[in-house]
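Trainee: The structure that follows is given in the form of structure tokens.
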Amino acid sequence: MKRFVTGASAGVIALAIGAGSAMAQELPGKFDGVTIDAKLIGGQQYEALYARIAEWEQATGAKVNVVSKKNHFELDKEIKSDIATGTISWCVGSNHSSFAPQYPGIYADLSALLPSEEIEAFVPANIAASTLGGKLVMLPRAQFDVSALYYQKSLYEDEAKAAEFKEQYGYDLAPPETWEQVADQAKFFANPPDFYGTQYAGKEEAINGRFYEMLVAEGGEYLNADGEPAFNSEAGVRALDWFVDLYKARAVPAGTTNYLWDDLGQGFASGTVALNLDWPGWAAFFNDPASSKVAGNVGVKVQPKGSSGKRTGWSGHHGFSVTESCGDKEAAASLVWWLTNEDSQKLEASAGPLPTRTAVWEWVVAEAEGDAYRQEVLTAFQQAAEHAFPVPQTASWIEISNAVYPELQAAILGDKTSQQALDEAAQKATEILEDAGEL
């Protein structure tokens, strides 16, 4: 596969600006005097990629002004506010396959701004998931997300603990294969407030997504074949009870209902959590002595199964988009290309995230040879990807999540039974879908 250049001193490739254009733009291009305003996802694991923006500025003569750097939940609120007030003055935005269906009109078609051979270099499934209404609304970065199970290996090497566990639970202590085993082991290892068996993100789309994948693993469905909410089922109650029971047992931190992804990553890296379902982007962070107290003690395996025999596998991917209102779409598209090109994807993938370019997948496999930890990570996440599934195909997913998660929290905190919470959540979700014309 052709390797596309990235450095300021490297060569360039032709970029057709689009139908009707009489000129051609080169990548990365020259955009002296242009400033691109950008809204980016924030987080420690993303900073290495953003450091490459300075290289793009040097190569093109343009400047990037980061006007926001927040998690996707906060960016979502900000973007919706911009849409409501008609103030979309920025050019490049972080995007995600779970959030993108909400913004059908604000992003430009990148297939008209980038060469076809560049788009063809991506994994077709990721491009398909980034295409809405025939428009390529975002270019995928090396952040394909599906979660696998991280754990502290030393906990499974302690013979005294193994004997105590078997006496208490009746089976051998080993990294868990099922979510029932995760619950058993989380309760066994927990010693609050100093040590916890596991943790989970407890608000916004994060808890709704985790509930969704646990629901699937329990044999349920979030929306039925007619698009109606169906999660207030027996499978739904089993799924939600899993979170409730661990909270009641104090096997998870008391603040877990306020946790999002960065809290989980820092929590596991602190050495105070035994088992952690988490994304591939944390793999290098967890095993780096500079950032993690569990470095050298991290095991990774495919995500566990629910009672149906299905594994959890909520998945999606990050990307970057260019707004229709952008005053210089060619410069913005060049920046998006730069942040997702082969060198950028290698940079991100070297820290653990899964790439979305075919050639970088091949590179990751080759690079892992001789590195036992990276091979373990890659194997676990390759297996995890086999069980991946997207969010329900509705543009109302995030709005539904925002209505459902407080009900999930109410059950976790003991304010409602799981059935009560799910019944009320299903009613709210139904009203949202009806208002949107989807029911």
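The values are calculated or read from the model by the stated rules, or taken from the named source; none is laboratory data. Quantities reported herein were computed from a predicted structural model and do not represent experimental measurements. As a convention, Cβ positions derive from the backbone with ideal geometry for all residues, glycine included, and neighbour counts pool all protein chains shown. Accessible surface is based on the protein model in full, side chains and every heavy atom, while ligands, DNA and RNA are left aside. Shrake-Rupley method; radii C 1.70, N 1.55, O 1.52, S 1.80 Å.
Trainee: Limited to the range 404-438, what total is found for residues that are modelled with pLDDT of 95 or more and either touching a strand residue (DSSP E or B) at 6+ places or on another chain (Cβ under 7 Å) or of a type in the set (A, V, I, L, M) (or both)?
Mentor: Total satisfying the criteria: 14.
Trainee: For the range 126-144, how many residues meet the condition of being in contact with a Ser or Thr (Cβ under 6 Å, 6 or more places away or on another chain), in a strand (DSSP E or B) and open to solvent by 10 Å² or more (accessible area, probe 1.4 Å)?
Mentor: 1
Trainee: Go through (1) out of contact with any strand residue (DSSP E or B) (no Cβ under 7 Å at 6 or more places or on another chain); (2) closer than 30 Å to Ser98 by Cα one by one and return the number of the condition Lys63 breaks.
Mentor: Exception for Lys63: condition (1).
Each row is one residue, and each column tells you yes or no for (1) in a strand (DSSP E or B); (2) among the β-branched types (Val, Ile, Thr); (3) open to solvent by less than 10 Å² (accessible area, probe 1.4 Å).
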site	(1), (2), (3)
Asp82	no, no, no
Ile88	no, yes, no
Asn95	yes, no, yes
Ser98	no, no, yes
Ser111	no, no, no
Glu117	no, no, no
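Trainee: If a residue must be surrounded by fewer than 24 Cβ atoms within 10 Å (Cβ to Cβ) and among the hydroxyl-bearing types (Ser, Thr, Tyr), how many such residues does the range 339-366 contain?
Mentor: 3
Trainee: Within the range 411-428, which residues are among the β-branched types (Val, Ile, Thr) and surrounded by 17 or more Cβ atoms within 10 Å (Cβ to Cβ)? I'd like the intermediate steps shown before the answer.
Mentor: Going residue by residue through the range 411-428, those that are among the β-branched types (Val, Ile, Thr) are 412, 417.
If the condition is that a residue be among the β-branched types (Val, Ile, Thr) and surrounded by 17 or more Cβ atoms within 10 Å (Cβ to Cβ), then Ile412 is the only one that fits.
Trainee: Another question about this same structure. Can you tell me which condition Gly133 does not meet? The list is (1) modelled with pLDDT under 95; (2) at negative phi; (3) not charged (D, E, K, R), and all the others hold.
Mentor: With respect to (1) modelled with pLDDT under 95; (2) at negative phi; (3) not charged (D, E, K, R), Gly133 is out only on (2).
Trainee: Could you list, in sequence order, all residues of the range 157-173 that are in a helix (DSSP H, G or I), touching a Phe, Trp or Tyr at 6+ places or on another chain (Cβ under 9 Å) and of a type in the set (D, E, K, R)? Step through it out loud before you land on a result.
Mentor: Pass one, the range 157-173, residues in a helix (DSSP H, G or I): 159-169.
Subsequent filtering for residues that are touching a Phe, Trp or Tyr at 6+ places or on another chain (Cβ under 9 Å) retains 161-162, 164-165, 168-169.
If the condition is that a residue be in a helix (DSSP H, G or I), touching a Phe, Trp or Tyr at 6+ places or on another chain (Cβ under 9 Å) and of a type in the set (D, E, K, R), then Lys161, Glu164 are the ones that fit.
Trainee: Within the range 363-378, can one find any residue that is within 23 Å of Ala51 (Cα to Cα) and assigned to a loop (DSSP other than H, G, I, E, B)?
Mentor: Taking the range 363-378 first, the residues within 23 Å of Ala51 (Cα to Cα) are 363-364, 367.
Next, only the ones that are assigned to a loop (DSSP other than H, G, I, E, B) stay: none.
Checking the range 363-378: not a single residue is within 23 Å of Ala51 (Cα to Cα) and assigned to a loop (DSSP other than H, G, I, E, B).
Trainee: Another question about this same structure. Does Val244 fit the bill of being more than 14 Å from Trp314 (Cβ to Cβ), open to solvent by less than 20 Å² (accessible area, probe 1.4 Å) and not small (Gly, Ala, Ser)? Even if it seems obvious, please write down each step before you answer.
Mentor: On the way: more than 14 Å from Trp314 (Cβ to Cβ): yes; open to solvent by less than 20 Å² (accessible area, probe 1.4 Å): yes; not small (Gly, Ala, Ser): yes.
Against the criterion (more than 14 Å from Trp314 (Cβ to Cβ), open to solvent by less than 20 Å² (accessible area, probe 1.4 Å) and not small (Gly, Ala, Ser)), Val244 qualifies.
Trainee: For the range 64-80, enumerate the residues that are open to solvent by 10 Å² or more (accessible area, probe 1.4 Å) and assigned to a helix (DSSP H, G or I).
Mentor: His72, Phe73, Glu74, Lys77, Glu78, Lys80
Trainee: A further question follows. What is the residue count in the range 180-203 for residues that are among the acidic types (Asp, Glu) and part of a loop (DSSP other than H, G, I, E, B)? Talk me through it step by step, then tell me what you get.
Mentor: Residues of the range 180-203 that are among the acidic types (Asp, Glu), as a first pass: 180, 184, 194.
Filter once more, so that each one left must be part of a loop (DSSP other than H, G, I, E, B): 194.
Residues flagged as among the acidic types (Asp, Glu) and part of a loop (DSSP other than H, G, I, E, B) within the range 180-203 amount to 1.
Trainee: Give the residues of the range 180-210 that are charged (D, E, K, R) and in contact (Cβ under 8 Å) with a residue 60 or more places away in the chain, sorted by residue number.
Mentor: Pass one, the range 180-210, residues charged (D, E, K, R): 180, 184, 187, 194, 203-205, 210.
Residues satisfying the conditions are Glu180, Lys187, Asp194, Lys203, Glu204, Glu205, Arg210.
Trainee: Looking at the range 64-122, which of its residues are under 15 Å from Pro140 (Cβ atoms) and free of Cβ contacts under 8 Å to residues at least 12 places away in the same chain?
Mentor: The answer is Glu120, and nothing else.
Trainee: Same structure, new question: Sort out for me the helices (runs of 4 or more DSSP H) sitting completely within the range 204-279 that have 1 or more residues that are at pLDDT 95 or above, among the β-branched types (Val, Ile, Thr) and under 17 Å from Gln303 (Cβ atoms).
Mentor: Qualifying helices (runs of 4 or more DSSP H): 204-217.
Trainee: Moving to a separate point now. Of the residues in the range 379-392, how many are buried (at least 19 other Cβ atoms within 10 Å of the Cβ) and outside any loop (DSSP other than H, G, I, E, B)?
Mentor: 3
Trainee: When only residues in the range 285-331 that are crowded, with 21+ Cβ neighbours inside 10 Å and among the hydroxyl-bearing types (Ser, Thr, Tyr) count, which is nearest to Asp184 (Cα to Cα)?
Mentor: Thr312
Trainee: Would you point out the residue of the range 37-63, among those that are part of a strand (DSSP E or B) and within 16 Å of Ala142 (Cβ to Cβ), that is nearest to the chain's Cα centre (by Cα)?
Mentor: The residue in question is Ile41.
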